[in-house]
Each structure stands twice: as C-alpha cells, then as structure tokens.
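These notes concern the structure reproduced below.
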Amino acid sequence: MAGSNLRVLVVGAGIAGLAVARTLRLAGFRPEVTERSSGTGAPEIGLYLPGNAERALREIGLDGPVRPLGQVIRTQRFLDLRGRELCEVDLDKLWSGVGECRALPRSDLHRVLLSGAGGEVRYDTEVRALDLHRDAVTVTFGDGRQAEYDLVVGADGGRSAVRALAALGGLARPAGQVVYRSVVTGGPPLTDWTGLLGERAAFVAVPMGAGRLHCYADEVASAPPADPLARVRELFGGYGGPVPAILDAMEQVQVTRTDEVELGQWSRGRVVLVGDAAHATAPTLAEGAAMALEDALVLARSLCRSMTVPEALDSYESRRRPRIKWVLDRTRDRDRTRDVPPPLRDPLLRNRGNRIFQEHYRLLVDPA
C-alpha cells in the first residue's frame, strides 16, 4: 500500500499513539496526531519495561535514546509481607536474546517517543464525531472543524472516545483493584525489582537510578480512597523489608481504579484501536507499554503488506489477538493469587515461584 498517499489520523499522544506515529513514519506514511489534553502538567510516575518492550524499541530505532535512562533491572525478588524471601527470577536469563528490563520515569520514555514520532502533535484537540463511510472516515473535531481520512487509529487509552464513537464497545469494566503509584526519592537503596505479597494486596518497589524508586501497590477494592497516601500507609504499615523506609520517604501518591477492556472486535470500517483502547488490563505483568509498542509495529507491517486498509486491519487484529489474550489470561492468573491465603500461597511460591512467574512471560519471549 502506498504509504505517503494514505491519510491517517492517530488519536492520542501517549505511548501507544506516539509509537504508532513512529512506526508509520518509518514505513513511509505521514500521520497526523491529535491529543485531547494540553500535554502538560501530568504528575510523574514510574514505568517498568520488560525485555520485550526493549526489543520493540530496538525495532523502531529508539532503544539508543532510551538506554541511558533509568536503571536496568536484572532480578525480580518476591517476598512475603514480613520481607522474607519467597522466590526470585533471573531476568537476564528469562529475556536472554530479547532485551534488558528497565525502570524509568514514564515522562522520559514519552519524550523519546515524542521526538521519534516526528511531525507535530495537535494538543487540546477533541474528536467529537466519526462518520464512517466505505472508503473513508469523516472526523468532526471539538472546534467544529471536519476532515476526511483513509484510516483513524484510536490510541486514546482505556477510556477511549474513538472506541465509543466507532461503536466498538462501551465503558471499560472495573477489574476489582485499586492501584497506587508514587515516585520516591531518599528511600532505601535497592538494586532489584522487589515485591512484597500480602493478603489481597501487594507492594512493589523498583529502582530507577539517581536515588529514585518507582513504587506500585494495589489492593482488592472497588473504589479509590479519599486520601491515598494515608491509605497506603495504613494498608502497608505492617509490611517488612524495605517498605517502612519507603513509606517514611513517600510524599505523594496517585490512585486509580484498575479497568479492563475486552472487545469482540478492534476495528470497524476504517477505524482501528491500539493499546489500552483495544485491550487494557490490570498492570500486574507490566506489559501495557510493551503491548502498545508491539501493536504499533504489527499495524505498520500489516498496512505495508496489504493491498487495502480493511485487509490490513484484519491482518493486524488476527496477529495480535492471541498474544493479547495470553497477557490478559496470565494477568488474571497472577491476580488470583491474591485470593489464596498466604499460609497456602507462600510455601507454593518458595517451591515453584520461579517457574510460575517465568511461565507468565513464556509466549512473550517470541517476537510479536
């Protein structure tokens, strides 16, 4: 398909949207990118990237700019709530030949992708309506302006407006978890991904370099609390290991409800969804960014190899669905361990935890 002649709109300038813009430009397309937010003022959070995320960055030529950022993580350590060892996973071995695991501020990865995407992002631009024709999509923007495109890519997250406007699915479904995130400086020195597993709750800390820790915690709950910092200190105050020192240094906490998006189809006409807009899951496996990067790669390849847009979208979805289902199923498997009482779960993890946790990523070691 002739890349430069295809009119493409990418809706969303997060990781998924910028990755799509990058892969399409590398393939000879010239996409437009819009973003409904102002693009400024987002609070800082950390990000942990498994090895398949680095492989995807390498394939789009952005592993070099990412390599100096954050910190390479070589070991995952799982502890009980008192801080006693349950098991550990050798990440270099698990992702051998694929890529390094890395923790870094999300804003650092976003800056690399924004630079790599090329072209200009139109911020404060809302998509108000989509009129789907056989060979095009008419887009109505928030200011009343209209434009016609051969392809619209919805990369606007779990609460995607494109998904709703294209009648591809309704609201995201609550997964029954509340997630807390914080970037902590001045906490205890850590070199490994360190997770403490409690009863229906877990606390994870990952070093990002420069004395910073990416902290992620979750609990089984239906709604975020009014005071997330107080709730984190209450919920994890009895944990051992590095947690007490981290809580002492913690100043701000962001809280969100975890949602899932599971759709019968990812495209309709010439509108297609990528990333969380198509398949959001709980962040338990830390595969959200990696899946978005892989989506972008496969979509660009499908467009290059197909004769028509509908053929390309069918190819993209059929290629990606088995992998996404694997991530969703493994995420649910791991989350179900919260419902197992620690007296039963902890001995199992001491004996078989390494094998269990490695198995969660087995399919993802292979290329997308």
Is it the case that Ala56 is over 25 Å from Ala210 (Cα atoms), of a type in the set (Gly, Ala, Ser) and within 18 Å of the chain's Cα centre (by Cα)?
yes
Would you pick out the residues in the stretch 139-154 that are of a type outside the set (A, V, I, L, M, F, W, C) and surrounded by 18 or more Cβ atoms within 10 Å (Cβ to Cβ)?
Tyr149, Gly154
Does the stretch 309-318 contain any residue that is out of contact with any strand residue (DSSP E or B) (no Cβ under 6 Å at 6 or more places or on another chain) and of a type in the set (A, V, I, L, M)?
yes
Could you please let me know if Ser267 is in contact with a Ser or Thr (Cβ under 7 Å, 6 or more places away or on another chain) and among the polar types (S, T, N, Q)?
no
Within the stretch 243-258, can one find any residue that is within 21 Å of Ala161 (Cα to Cα) and not β-branched (Val, Ile, Thr)?
yes
Collect the residues in the stretch 306-354 that are assigned to a helix (DSSP H, G or I), aliphatic (A, V, I, L, M) and touching a residue at least 12 places away in the same chain (Cβ under 8 Å), keeping them in residue-number order.
Val309, Ala312, Leu313, Ile324, Val327, Leu328, Leu349
Here are some residues: Ala217, Ala245. Which one is modelled with pLDDT of 95 or more, surrounded by 15 or more Cβ atoms within 10 Å (Cβ to Cβ) and in a strand (DSSP E or B)?
Ala217
Taking the stretch 192-214, which residues are closer than 13 Å to Leu79 by Cα and surrounded by 17 or more Cβ atoms within 10 Å (Cβ to Cβ)?
Trp193, Thr194, Gly195, Leu196, Leu197, Gly198, Ala201, Ala202, Phe203, Val204, Ala205
Looking only at the stretch 111-122, filter to residues that are surrounded by fewer than 18 Cβ atoms within 10 Å (Cβ to Cβ) and more than 19 Å from Leu47 (Cα to Cα); which one of those is modelled with the highest pLDDT?
Arg122
Test Ala19 against the criterion of being part of a loop (DSSP other than H, G, I, E, B) and in contact with a helix residue (DSSP H, G or I) (Cβ under 8 Å, 6 or more places away or on another chain), and give yes or no.
no
Has the stretch 260-272 got at least one residue that is at pLDDT 95 or above, out of contact with any Gly (no Cβ under 6 Å at 6 or more places or on another chain) and assigned to a helix (DSSP H, G or I)?
no
Can you tell me which residue in the stretch 220-242 is surrounded by the fewest Cβ atoms within 10 Å (Cβ to Cβ), limited to those that are outside any helix (DSSP H, G or I) and touching a helix residue (DSSP H, G or I) at 6+ places or on another chain (Cβ under 8 Å)?
Gly237
Just wondering, is there one or more residues in the stretch 148-157 that are assigned to a loop (DSSP other than H, G, I, E, B), at pLDDT below 95, touching a strand residue (DSSP E or B) at 6+ places or on another chain (Cβ under 9 Å) and not acidic (Asp, Glu)?
no
Condition test on Val232, is it under 21 Å from Ala278 (Cα atoms) and either without any contact (Cβ under 8 Å) to a residue 60 or more places away in the chain or touching a Phe, Trp or Tyr at 6+ places or on another chain (Cβ under 8 Å) (or both)?
no
Could you go through the stretch 124-138 and let me know if any residue there is assigned to a loop (DSSP other than H, G, I, E, B), of a type outside the set (Gly, Ala, Ser), touching a residue at least 60 places away in the same chain (Cβ under 8 Å) and surrounded by 18 or more Cβ atoms within 10 Å (Cβ to Cβ).
yes
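The values are calculated or read from the model by the stated rules, or taken from the named source; none is laboratory data. Worth saying up front: this structure is predicted, and the values here are computed from it rather than measured. Reconstructed Cβ throughout: ideal geometry from the backbone, glycine too, with neighbour counts over all protein chains shown.
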